[in-house]
Amino acid sequence: MTALATGSVCIWHVHQMSEPGSVPSVPAAQAPEQFTPKRLTYELFGSIGDGGIVSYVDVSGHPHVIELAELPWSHTETTTLTVVSGSVSAQVDGGDLSCRMLVNDVVRDEHHSDHADADVTCRVKSA
């Protein structure tokens, strides 16, 4: 009888030692901080003459080429990316051309050209 009692206590003790510990809890997903989307605006203005061409890189890094028929020209893109970049280049047959790039309505780059076959480039590397 003593052997049975001792054996039972030993088995119970082994079970207690081999019992898995508590499972660590994983914290619930936290909501991201409030983020204001960014608006990147490309603008061209001046005299177009007989025509022109604009090329720009959008917020996703894709290039676009457009034949200009009139100025002013503008294009706006909105993104939830934390960093935005883009560029715009244009050339016209006229003698006056300006470009401007804005991020959330704040001018980030602006250039002007006032010679025949004017050309300009504006760029936002990181905003």
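The values are calculated or read from the model by the stated rules, or taken from the named source; none is laboratory data. Small disclaimer: the values here were computed from a predicted structure and weren't measured. Note that we place each Cβ from the backbone using ideal geometry, even for glycine, and neighbour counts take in every protein chain shown.
Of the residues making up region 32-75, those that are closer than 23 Å to Ser113 by Cβ, out of contact with any Pro (no Cβ under 6 Å at 6 or more places or on another chain) and part of a strand (DSSP E or B) number 21. Take Val88 and decide whether it is surrounded by 15 or more Cβ atoms within 10 Å (Cβ to Cβ), modelled with pLDDT of 95 or more, assigned to a strand (DSSP E or B) and not polar (S, T, N, Q). Taking the combined requirement at face value, the residue satisfies it.
Right, Gly46: more than 27 Å from the chain's Cα centre (by Cα), touching a residue at least 60 places away in the same chain (Cβ under 8 Å) and surrounded by 10 or more Cβ atoms within 10 Å (Cβ to Cβ) or not? Against the criterion (more than 27 Å from the chain's Cα centre (by Cα), touching a residue at least 60 places away in the same chain (Cβ under 8 Å) and surrounded by 10 or more Cβ atoms within 10 Å (Cβ to Cβ)), Gly46 qualifies.
Listed here are the residues, each with its yes/no results for (1) β-branched (Val, Ile, Thr); (2) touching a residue at least 60 places away in the same chain (Cβ under 8 Å); (3) surrounded by fewer than 19 Cβ atoms within 10 Å (Cβ to Cβ).
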residue: Tyr56; (1), (2), (3): no, no, no
residue: Gly61; (1), (2), (3): no, no, yes
residue: Thr82; (1), (2), (3): yes, no, yes
residue: Val106; (1), (2), (3): yes, no, yes
residue: Lys125; (1), (2), (3): no, no, yes
